[in-house]
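Trainee: Provided herewith is a single structure, encoded as structure tokens, for subsequent inquiry.
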Amino acid sequence: MSRLITIYLVIEAIAVALYCWLLWGWMGWKAVGPNAFPGSPDAAWLYSSSLEYCRWATGFVEGVWIGGIACVLFLRSGANQGPIRLRNAVSVTLLAVPPAFLIAGHILEGRVT
């Protein structure tokens, strides 16, 4: 297994954790709305910046997913492929984790009114 794949798994874990954290913040602000604290000049700004950061994190996870596809292709084409079970587990992790979190986040965000 290459160091590139190991580093990419760490990047994927950080991206998913960041996405979950920013989605959690956005869902909190989405539930209360920009007018939750009347007279507060920061409430509308916090609401809009929370939405912006959540969208940024979504794009980042999508980019990590595309990079994961490239890593799987690299992993499959390399001469030193390592054990088959480990290679398959890493491939599934690289390909399945980002869309699973994106789908779950979309479902959870849709439930917040």
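Laboratory data are not the source of any read-out in this text; all were calculated from the coordinates shown. Note that the structure is a prediction, hence the values are computed from the model and not measured. Every residue, glycine as well, gets a Cβ built from its backbone with ideal geometry; the counts of neighbours run over all protein chains shown.
Trainee: Which order do 93, 113 fall in if you start with the one that has the fewest other Cβ atoms within 10 Å?
Mentor: Numbers: 93 16, 113 5.
Placing the least packed residue first, the sequence is 113, 93.
Trainee: Quick one: P(r) of the chain from all Cα-Cα pairs, 10 Å bins, percents rounded to integers, in order of increasing distance.
Mentor: 14, 36, 24, 15, 8, 3, 0
Trainee: Can you work out the Karplus-derived ³J(HN,Hα) for every residue in region 96-103? Use 6.51 cos²θ - 1.76 cosθ + 1.60 with θ = phi - 60°, whole Hz, and x for glycine or proline.
Mentor: My calculation for region 96-103 gives 9, 5, x, x, 5, 5, 5, 5 Hz in order.
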